[in-house]
Structure formats: structure tokens, C-alpha cells
1. How about region 305-325: which of its residues are under 16 Å from the mean Cα position of the chain (by Cα), assigned to a loop (DSSP other than H, G, I, E, B) and of a type outside the set (Phe, Trp, Tyr)?
2. So, restricting to strands (runs of 3 or more DSSP E) that lie completely within region 190-235, which ones have at least 3 residues that are hydrophobic (A, V, I, L, M, F, W, C) and touching a strand residue (DSSP E or B) at 6+ places or on another chain (Cβ under 6 Å)?
3. Among the candidates LYS116, LYS18, single out the residue that is within 26 Å of ALA179 (Cα to Cα) and at pLDDT 95 or above.
4. If you go through region 109-128 one residue at a time, do you hit one that is within 20 Å of ARG35 (Cβ to Cβ), of a type in the set (D, E, K, R) and free of Cβ contacts under 8 Å to residues at least 12 places away in the same chain?
5. Within region 11-23, identify whether any single residue is touching a residue at least 40 places away in the same chain (Cβ under 8 Å), in a strand (DSSP E or B) and either at negative phi or surrounded by fewer than 21 Cβ atoms within 10 Å (Cβ to Cβ) (or both), and answer yes or no.
6. Collect the residues in region 120-137 that are of a type in the set (D, E, K, R), surrounded by fewer than 23 Cβ atoms within 10 Å (Cβ to Cβ) and farther than 23 Å from LEU254 by Cβ, keeping them in residue-number order.
7. When both residues are 6+ apart or on different chains and their Cβ atoms are under 6 Å apart, which pairs have a first residue that lies in region 40-64 and is surrounded by fewer than 19 Cβ atoms within 10 Å (Cβ to Cβ), and a second that is assigned to a helix (DSSP H, G or I)?
Amino acid sequence: MKVLVTGGAGLVGSESCKLFASEGWDVISVDNYTRAKLFGKEAETKDNIQLVQKEFSIEHHEMDIRDDKIIDLVKQVDAVVHTAAQPSHPKSIEIPMEDFQINAYGTLNLLEAVRKYNKEIPFVFCSTNKVYGEAPNYFSYKKAGKRFEPLDPMLQDGFDEHLRIDQMMHTPFGVSKVAADLYCQEYAHLYGLKSAVFRMGCITGGAAKATEMHNWEPFFVKKAISGEELTIFGHGGYQVRDVIHAADLAKLFLAYVKKPRPGEAYNIGGSRKNSLSLLESIDLIELVTGKKMKYKLGPEREADHIWWISNINKAKHHYPGWDIRIGLEEVFKDIYEALSRK
């Protein structure tokens, strides 16, 4: 069995390469290293795939998902795990055309390649909770300790897949991901592809790069290590995020590939179990690193969520053998150890 992983040098891509290879799959990885071009040298991901290749035999190509050359690879494989993306909603405001070309057109290019040349294979798409735009902010919240919590008891387990996606701000990133998300669903319903979307919350781990516009967890840890002052944007730091390690996410992708459910959409993140506010994250990072953090408050970012916890019950119901294994402290220890080696 052979799998194509797009964005194979990235956080989720490299973890997917590692997992599939460890399960005996032949792995083809593609990446054009756009992240370093968008976010600077500190975002360079080449070392991720190089580390995986030291442990496993990975066929890696420097390639753009918008290039027709991808067709030759799609023809060879038994599954596609599509993680390649422009991943930052603040950055998308600066580069809306490139954001669309990568996220929307790049995904459509892959779907067309699968439809025309290898229609029976499972197709995993990394979508995002940003497809919901500002919808989470239309609910009411109260302060509870160092975090916000919703007043609506129906949100105890977080937001499920029925949250609306229209008539609000998304940023271009959210819009391009909505387009790609719906194309993946449409290709399942209309053309019969085994495609599904995974609307991800905060994905992180030791392979994540510490950049301010993306991967906030390692960026916070980097500030703790350096002693530099951190800026928390908006909401007084009470905003809540759920965090999942990319290795746990990759296991869900593998479960889907083994038993695909075409056309489905899944909200995926750390759930209530792995949720914390940014203020709470500072406490945890100080515990993990043994360093006191300095921070200040900055302005709110466009379409930034006040509170987001992914309701993962649908994914757990469809794939009962899967669950989150890596807890918050272990996640941040992994990030700290990775950054300390640099």
C-alpha cells in the first residue's frame, strides 16, 4: 500500500509520513517549502522531513500541489493525505490571491487528479475551524477563573459540525478553506470520491515551527526560553483554544483511510480534555520550562475566536478505536524539548 502526503515536511504532514511508514505503507511526500517563504527562516520545515527520512524510507519530492506533475504521483497511490496549505489567517489578509491559489485551487487540482486517474482511493483533507468564521463569537461567555466559558450548557463538549459558516467575517484564509472544504464534500457527493474533511483546531507538537502568525504554542514557548516579552492579541488572554498533538491527528487520518466515510466533515481538536486559555497556557509553559514569562496585551485580531473547543464526538463515534492520547503537559514538554535542541 502506498500513500501520498502533501505538505509532507510540515507539522501534520511529517507526523503522517512517520505514522504511515511505521504501519508498513510506502510513503510519497511532496512539499515546496512555502512556509519559510511566507513566515521567514524560522519557519523552515526541511529538517522535519529529513528527520523522518533518517528513520524511515520516504520518497520525497520538492513539488507544488498546483503543478500538473502531481498527477503522476496520484496515479501511483492507494490514498492521499492532503495537509499542504497556506495556514495563517493573519497572513492571508496580506496575500489573499496566493492564499486562494494554494488552499482552494491547490486542493481542487488534487481532487481533479484523483477523480480522473484514481477515483477509488481515500482522500483526507485538512480543513480548519476557521471555516466557521466569527460564528463562535456570536455566543455569550463569562469569565471563569483565567478563561472564558460559554453560558449555553449545550456547548459543554464544544462546537460540533452544525455551526453555521456564512454571513460573517472569516479572513481570506477561512474563505479559501471553506471553498476547499466544500469541494471535497462535493466531490464525494457528486463524483463518488472517498473524500472527507477534518476541521482542525490548534494542531501542534515538536515539529511545529515557532512563528507568531501560525503555531502559537511553540511561539509562546520560544518567548519563555528567550525571556522576551510576548504579546497576547485581544480578549485579555481569556480566549480558549483546544490543542491536539499532530501525532494523535495522524492516527485519525489512518483510521479514516482504512475505513473511509465519504463526504463527512469532522471537527477535530483537543476537545474539552485538552483545552486552555492563553493565560492558562502561560501557567503551563512556566511549569514545563521553569521560566517566568513576560507578556503584554495587544489589539484583537480579525475574526479571532473568543472561545473554541472542538466537539469530537462524531469522529469518536465513527472511529471508536481512536481518541486523544497525548495530554496538554506532554504536548508542551514535546515542544519545549524540540526547541531546546535548536
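1. HIS305, ILE309, ASN311, ILE312, ILE324
2. 194-200, 230-233
3. Matching residue, one of LYS116, LYS18: LYS116.
4. Within region 109-128, none of the residues are within 20 Å of ARG35 (Cβ to Cβ), of a type in the set (D, E, K, R) and free of Cβ contacts under 8 Å to residues at least 12 places away in the same chain.
5. no
6. Applying the first criterion (of a type in the set (D, E, K, R)) to region 120-137 yields 120, 130, 134.
Of the ones still in play, those that are also surrounded by fewer than 23 Cβ atoms within 10 Å (Cβ to Cβ) are 120, 134.
Once the filter is applied, which keeps residues that are of a type in the set (D, E, K, R), surrounded by fewer than 23 Cβ atoms within 10 Å (Cβ to Cβ) and farther than 23 Å from LEU254 by Cβ, region 120-137 yields only GLU134.
7. Cβ pairs passing all conditions: GLU44/ALA36; PHE56/ALA21.
The rows are residues; the columns are (1) within 30 Å of GLN76 (Cα to Cα); (2) in contact with a Phe, Trp or Tyr (Cβ under 7 Å, 6 or more places away or on another chain).
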residue	(1), (2)
ILE102	yes, no
GLU120	yes, no
VAL124	yes, yes
SER127	yes, yes
LYS130	no, yes
ARG147	no, yes
GLY158	no, no
ASP166	no, no
LYS177	yes, no
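The values are calculated or read from the model by the stated rules, or taken from the named source; none is laboratory data. Nothing here was measured: the structure is a model prediction, and the numbers come from that model. No Cβ is skipped: glycine too gets one built from the backbone with ideal geometry, and neighbour counts run over all protein chains shown.
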